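I have placed the structure first, in the form of structure tokens, so that the comments after it can refer back to it.
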Amino acid sequence: MAPHPPPSATAAAQHVQQFLTTALSQRGPAALPYAEDVKWHIRQHLVALAEAYSSLRPRTATFTHNDGRSAHLLQAEGTIPIAFRGAVYHLPASIWLLESYPRRPPAVYLTPTRDMLVKPGHPLVDPSGLVREDAAPYLRSWVFPASNLVDLVRSLSHLFGLDPPLYTRPNHATTSPSPSPSPSPSPSPLPSSSFSSPYGVGNPSRFPPPPSSQAHPHARPTEDPAEVFRRNAVAKILDAVHSDMGAMRRAQEAEMEGLFSTQAELRRRQEELTRGLREMVEEKEGLEQQLQLVLMNTDLLEGWARENEGLCRRCHDGVDVDDVFEPVDALSRQMQECTAADLATEDTIYALDKAVQEGAIPFDSYLKNIRALSREQFFHRAMAAKVRATLVQAQVTSMAARVPHYAS
């Protein structure tokens, strides 16, 4: 169990911060079972509590759950000051930060000393000293991250001042069996050297008087009806305010859920728009490339038309159709001649096939002619293939030279 930091003024705050930093930064088996994203909130809550209420000091101890599980947790142990009938009392208490803190409220236990008893039938505290979560307005309306330990202690101090949950054990009561209703946690008490007891052990006058009028029939003054009415009105107003806060929290949570759903839908639509825009940009780039190719082909056709304008005029004057098309260069002329020879040879072979079928020529003469024509056709086709490859290479080179002109 980690010791308390010293209770001096400025040094106490530094020791509290160092103690919490060390405790929350531990790893391995000694690590505290809190989520990493809330450890900063836990540290800030306990530091603020120690500054606001110096009687409550943080420490680590073993907490035993109702199902028997044990956990090493943080707690704030000390006293909660209350004002009752013009006097200030200090109620011993332990505030346990459970594993789900701060998303869930802490567990608050009153730890009465040997000279104290829990008031039977108290609306906020059960016989074991546990402050019921469903009865205390601040615990019932706990909201993360707005709720904190300082406001919790301040709210409990006000409520306990209206109706103290602990009172001094009557003098005639037997002290041998100490009632000491202990909560489920079982940490060892603080050493007496850590800090002086703020609720004055052994001094019954530091505790609220017993609620029973038979214990001290002449010591309890008659309460002012106006004061009783005021306390009840304040309690009801506080309860109504906390109920309204709970309703507002639920409404805000529902609104936040709706906003989160809308945000998810907007993000989905944003992704669709981004994807559509990217596809349109890619399509635009493809169309621009097609446009450049069309412009290049148009330029080629216009150049050809200008070069062959004279042939077009002669065609209108009755020029032979065979003379209309003229190769533009030697390679084109050679390609034309090879193609014409190939097709002529093909026609000759077809005519020989018909003649041999009809018996117009002898078969041995047919074979001799076919062999010669096939050899000649092979050479024509080989030459045409070479000329075609040379023309394609020349066309690619010409197009590559024109690209900078169209790009500009």
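Yes/no per residue for (1) touching a strand residue (DSSP E or B) at 6+ places or on another chain (Cβ under 7 Å); (2) modelled with pLDDT of 90 or more; (3) farther than 30 Å from Glu288 by Cβ:
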{"residue": "Phe325", "(1), (2), (3)": "no, no, yes"}
{"residue": "Cys338", "(1), (2), (3)": "no, yes, yes"}
{"residue": "Ala344", "(1), (2), (3)": "no, yes, yes"}
{"residue": "Thr348", "(1), (2), (3)": "no, yes, yes"}
{"residue": "Tyr366", "(1), (2), (3)": "no, yes, yes"}
{"residue": "Ala372", "(1), (2), (3)": "no, yes, yes"}
{"residue": "Phe379", "(1), (2), (3)": "no, yes, yes"}
{"residue": "Val403", "(1), (2), (3)": "no, no, no"}
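Residues in segment 83-134 that are surrounded by fewer than 17 Cβ atoms within 10 Å (Cβ to Cβ) and β-branched (Val, Ile, Thr): Val88 alone. Among the residues of segment 81-134, write down those that are under 38 Å from the mean Cα position of the chain (by Cα) and without any contact (Cβ under 8 Å) to a residue 12 or more places away in the chain. The answer is Ser100, Arg132, Asp134. Among the residues of segment 40-57, those that are under 27 Å from the mean Cα position of the chain (by Cα) and open to solvent by 20 Å² or more (accessible area, probe 1.4 Å) comprise Trp40, His41, Arg43, Gln44, His45.
Taking the listed residues Thr298, Thr274, the one that is more than 30 Å from Arg402 (Cβ to Cβ), part of a helix (DSSP H, G or I), among the hydroxyl-bearing types (Ser, Thr, Tyr) and at pLDDT 90 or above is Thr274, with no other qualifying.
None of Ala61, Ala23, Ala50 is assigned to a helix (DSSP H, G or I) and either in contact with a Pro (Cβ under 7 Å, 6 or more places away or on another chain) or not assigned by the TED database to the domain that holds Leu149 (or both) except Ala50. Residue count for segment 140-171, restricted to those that are of a type in the set (Lys, Arg) and either surrounded by fewer than 19 Cβ atoms within 10 Å (Cβ to Cβ) or under 39 Å from the mean Cα position of the chain (by Cα) (or both): 2.
The values are calculated or read from the model by the stated rules, or taken from the named source; none is laboratory data. These numbers were taken from a predicted model, which means no experiment stands behind them. FYI the Cβ positions are ideal-geometry reconstructions off the backbone, even for glycines, and counts take in every protein chain you see. Heads up: the accessible areas ignore ligands, DNA and RNA and are worked out on the full protein's heavy atoms, side chains in. Shrake-Rupley method; radii C 1.70, N 1.55, O 1.52, S 1.80 Å.
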